[in-house]
1. When a/c reaches 1.5 or more, the comparison of a/b and b/c decides; with that in mind, is the stretch 144-232 rounded, prolate or oblate per its Cα gyration tensor?
2. Based on Cβ point charges of +1 for Lys and Arg and -1 for Asp and Glu, what charge dipole magnitude is obtained for the chain about its Cα centre, in debye rounded to the nearest 20?
3. Can you list the residues, at least 5 places off or on another chain, whose amide H is less than 5 Å from the amide H of Ala660, using H built in the peptide plane?
4. Kindly write out, for the stretch 637-654 in residue order, the coupling ³J(HN,Hα) from the Karplus curve 6.51 cos²θ - 1.76 cosθ + 1.60 (θ = phi - 60°), rounded to whole Hz, with x marking Gly and Pro.
5. Name the aspartates and glutamates eligible as straight-distance cross-link partners of Lys346: C-alpha to C-alpha under 15 Å, and not fewer than 8 places from it in the same chain.
6. Under 8 Å for C-alpha pairs, at least 6 residues apart: give me the relative contact order for the stretch 346-466, rounded to a whole percent.
7. Filter the cross-link list Lys40/Lys613; Lys40/Lys132; Lys511/Lys564 down to pairs whose alpha-carbon distance in this structure exceeds 27 Å.
8. Among DSSP beta bridges lying fully in the chain, give the percent that are antiparallel, nearest 5.
Amino acid sequence: MRRLTLLAAFVSFSLLSIAQTPAPYGAVPSPRQLAWHKLKYYAFVHFNMNTFTNEEWGHGTETPDMFNPTQLDCRQWAKVAKEAGMEGIVITAKHHDGFCLWPSKYTEHSVKNSKWRNGKGDVLKDLSEACKEYGLKFGVYLSPWDRNHPAYGTPEYNEVFKKTLQEVLTQYGDVFEVWFDGANGEGPNGKKQVYDWPGFIETVRKYQPNAVIFSDAGPDIRWVGNEDGYAGETNWSTLNRDKVYPAYPNYWELTLGHEDGTHWVPTEVNCSIRPGWYYHASEDNKEKSLEHLVDIYYSSIGRNGNWLLNLPVDRRGLVHENDVKQLMALKAYTDKATHNLAGGKKITSNSVFSKASTFAAGNVLDASRDTYWAAAEGAKQATLDIDLGKPTTLNRLLIEEYIALGQRVKKFSVAAWQKDGYQTIASGTTIGNRRILRFPTVTTTKIRVSIDESKASPLIRHIEMYNAPELIVTPVISRNKEGMVTIVCPKTTDPVITYTTDGSEPTAQSKRFTQAVALPQGGVIKARAFVDNMKKASSPVTAEFDISSAKWTVVSTGDAVPKKEAVRLIDGNADSFWQQRKQAESPTSVVLDLGEELPLKGFTYLPRQDGKKAGIVYRYAVSVSQDGKTWSAPVSQGAFNNINNNPVGQAVRFDKPQTARFLKFDALETTEASDATVSIAELGVLTR
Ligand code: FUL
């Protein structure tokens, strides 16, 4: 009898402890999302027809022969990605022009009709094999928008697109991610398509059930709402998914997610290593600096996102050497910045779920990411104290929630033990899958991590700490209206800046920058900052200038008399901009007097750089004149494709050079048709 009672007591105790596991909170990730959350950094490759036509958005009218890489080598891409520490490659299998990188049965606009490898080539085959060889995941970008396909704009196209998907998803092995672009413009017959999203999703689920599907609205992973590389400091993995759809107008909501959102749809942060997504030789010196890439690393991977960094493969079919250099510099830096100082140290907490050892604080510092510390049931605040054992110098803290049971933390802070107690050194809002805080370097023996506000009892699975090398900020080069170039390094104390004007890399021995350099006719400046008696250097930065606006005036901005502020559109200052109400009937026209006849090869437009979109020009026409009265027919007209999502400087070459003294820029359409204004940060010319 006594035995039976003991047995009963044991059974009920065991049942009790089984039941005593923290309950899930809110929306939780699916297994395929959890697998994706284990990744952090992989490559986007934009390589397709646009590479050969120098466009960002092709028109679908290209002849397939224009696609002709001379040395295409997907193994080089894979090798570079692997060495850079990336985990996979997502390739633009089909972009808005409809050209397919594989010999699709469902279109004539594909590699099968190009001269490349006599129409027998297949980029997806080469790349999927290279990915396998290098142990990388293989993913595909497909644009539903198709400016070439004759069926686009009719229900038949949805069937074509599903068949196209089927080809891509059944012939190349495992696909880890399917990237659906949200853009939906007009097809060759001028019609837009009503997309069959449920059908597209079903097709992916059928042929690649483990693949995550990306779009503005998920269903598995979402766009971060910008193409700059920055996730929100507050970043909920949850989203009211039924409210959001591809090309969702309030896309800025995607940056923060929706607290208490109904579904788990975390962010993937996509940005390019250069200004454009596709390769343009004119951007060969415009790779993001190491400091910029590092900042993006912390703002994507470090803000609850995965980072999809784009490499614009060039016309040879190779990742350009300048891009490789930057990738390797980033890898070298992050290798130094992630040596964990907290592994295996002592950790305690003031709150543990059912006081069980299964959920003890020690789980946070062990190597496993499957075990976690759980605070007492119902606790919304708790602290973790880490004893580093000896004075330790650090400036980064990585923290991860046990997201399988939902995202909970709303606010947390980090304090370091100093002589007279704990002092707060950093704080944050959400954590999610992964958050990295940066703070000024501190030396301490103990760290306290406080969960200050949580939606349910906090569950933390991992913490690491690092002492990342400080980077010397690359100098900023700018030229004013008079053509005088200044080089500054605002966040560095007492830097020595050296520079060159002959295209060579600046060294410690190069000319020192002590006063503004005159470059009114244009040229190339490369600069670098040095500190610590010239022992440490920033990465080099390059700026290329065409003729300055020293002699220019704004003659008219569509108003009878241009306002004084109009000079902002030619002042050389990227941060200032001119904005004016649109004219009622005709397009808003800006007329420049260049002060002398110039051999014009093209023009440049820089949209406002303050992060706002109002007035950004989408469609334009440019005409020229000798006297400012008689105007040529437009010497260039078109659209600044993708300028809304990626508001970088645009350089457009004329079909034929023009010699003229006056230039007229007509803003025919802004990115938001309903917008009442037109805005310009800078208007310039190309004379080289
Ligand atoms: C955008 C596209 O329109 C761009 O061309 C680029 O592919 C980018 C990644 O997504 O929506």
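The values are calculated or read from the model by the stated rules, or taken from the named source; none is laboratory data. Keep in mind the model is a prediction, meaning the values are calculated, not measured. Reconstructed Cβ throughout: ideal geometry from the backbone, glycine too, with neighbour counts over all protein chains shown. For accessibility, only protein heavy atoms count, side chains too; no ligands or nucleic acids. Shrake-Rupley method; radii C 1.70, N 1.55, O 1.52, S 1.80 Å.
1. Values: a/c = 2.15, a/b = 1.16, b/c = 1.85.
Since a/c reaches 1.5 but b/c is at least a/b, the shape of the stretch 144-232 is classed as oblate.
2. Numbers: 80 positive and 77 negative charges, 350 e Å.
It comes to approximately 1680 debye.
3. For Ala660, the qualifying residues are Leu598, Leu600.
4. Each residue's phi maps through the Karplus curve to give 8, x, 9, 8, 5, 6, 5, 5, 6, 10, x, 9, x, 10, 10, 10, 8, 6 Hz.
5. Answer for Lys346, where 15 Å is the Cα cut-off: Asp366, Asp385, Asp387, Glu464, listed by chain and number.
6. On the way: 322 pairs, mean separation 43.1, N = 121.
Reported as a whole number, the value is 36 percent.
7. Working: Lys40/Lys613 30 Å; Lys40/Lys132 19 Å; Lys511/Lys564 38 Å.
Over 27 Å apart, Cα to Cα: Lys40/Lys613; Lys511/Lys564.
8. Values: 100 of 133 bridges.
Bridges in the chain are about 75 percent antiparallel.
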